[in-house]
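Worksheet for the structure shown next.
The values are calculated or read from the model by the stated rules, or taken from the named source; none is laboratory data. Please read all numbers here as calculations on a predicted model, not as lab measurements. Cβ coordinates were reconstructed from backbone atoms using ideal geometry, including for glycine residues, and neighbour counts include every protein chain displayed. Ligands, DNA and RNA are excluded from the accessible area calculation, which covers all protein heavy atoms including side chains. Shrake-Rupley method; radii C 1.70, N 1.55, O 1.52, S 1.80 Å.
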Amino acid sequence: MPIKQKTSNDTARPAAKLPELGLDRLSLEQALIDVEVANRRVIELTRRLAGMSKELAALRSQLSGSHVAAMEREVSDLRAQLAALRLQKAREMALTDRAG
């Protein structure tokens, strides 16, 4: 490797880097602020997601309960229809027996 000799430009370099270091510090500070803001946003979004998940579970439970109630009503209606059909069939058989 060749040995580098000092020139007058080498002494000016550290002074030129001072503003650059200030910008780096400002960039670092801004990056830290951005990370903090992003972390707060993640926490808020997580909180909202948890709340919405609870609400979804409650709605599913409510819907399931409504669905079960609707099915129970339908079964009850079908039983009533079946009873009516049996009664009708029994009357028809009774009429057939009388006529026959």
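What about K4, is it in contact with a helix residue (DSSP H, G or I) (Cβ under 9 Å, 6 or more places away or on another chain) and either at positive phi or modelled with pLDDT under 95 (or both)? So K4 passes the test.
Within region 55-100, the set of residues being surrounded by fewer than 10 Cβ atoms within 10 Å (Cβ to Cβ) and either in a helix (DSSP H, G or I) or touching a residue at least 40 places away in the same chain (Cβ under 8 Å) (or both) comprises T96, D97, R98, A99. Before we move on, is L26 open to solvent by 90 Å² or more (accessible area, probe 1.4 Å), at negative phi, assigned to a helix (DSSP H, G or I) and at pLDDT below 90? The answer is yes for L26.
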